[in-house]
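Written out below as structure tokens is the structure these notes cover.
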Amino acid sequence: MEFGDKTEIYTSVCTVHHDARYFDRPYDFLPQRWLDPTSHDVKEASQPFSVGPRGCIGRKYVSCSISRMHCSFSAFHMMLLTVPFLG
Ligand code: HEM
């Protein structure tokens with residue numbers, strides 16, 4: 001199959017995420033797959049923000065927000081551990 005220079009090609013996120021060629025046990029909810037260094041999943045197959053010139057411009061903002069949220073949770077956890085020392 002051949003495509004012209006200006007052809008835009010898009011795949012369904014849902015289809016890719018449920019393809020066993022990219023993700024082991026694709027129909028199971030396994031969030032730890034993203035953190036497991038021994039995982040053989042092809043994580044690059046997941047492009048939630050899309051790529052290319054029309055890719056999501058909010059990507060960096062969202063990544064930053066998630067990092068900040070994670071830091072907030074960590075801080076909250078530390079506060080809970082220090083409660084016994086407060087009084
Ligand atoms: C988890 C959050 C988000 C996800 C998963 C997401 C995902 C996407 C996807 C898949 C596209 C389509 C890209 C394409 O057509 O190839 C898109 C476009 C876009 N997103 Fe997001 N997005 C998110 C958050 C945001 C935020 C927070 C903003 C703004 C602050 C934003 C602004 C935009 C804009 C303006 C476009 C259109 C870009 C264009 O057509 O040139 N997005 N986003």
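Taken together, the values in this text are just the output of simple stated rules run on the coordinates, not laboratory data. Here the structure is a predicted model, which is why all the values come from computation and not from measurement. So basically every Cβ, Gly included, is an ideal-geometry build from the backbone, and we count neighbours across all protein chains shown.
Numerical summary
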{"read-out": "Count - residues of region 51-76 that are over 12 Å from the mean Cα position of the chain (by Cα) and within 19 Å of residue 12 (Cα to Cα)", "value": "6"}
{"read-out": "Top-ranked residue in region 40-50 [being of a type outside the set (S, T, N, Q) and near the ligand (Cβ under 6 Å from one of its atoms); ranked as farthest from the chain's Cα centre (by Cα)]", "value": "49"}
{"read-out": "In region 1-21, the residues that are away from the ligand (no atom under 16 Å from the Cβ) and either touching a residue at least 24 places away in the same chain (Cβ under 8 Å) or of a type in the set (Asp, Glu) (or both)", "value": "2, 5, 19"}
{"read-out": "Tabulated pairs, region 38-53, first without any contact (Cβ under 8 Å) to a residue 60 or more places away in the chain, second of a type in the set (A, V, I, L, M, F, W, C) and more than 11 Å from the ligand (Cβ to nearest atom), C-beta under 6 angstrom, 6+ apart or interchain", "value": "41/23; 45/16"}
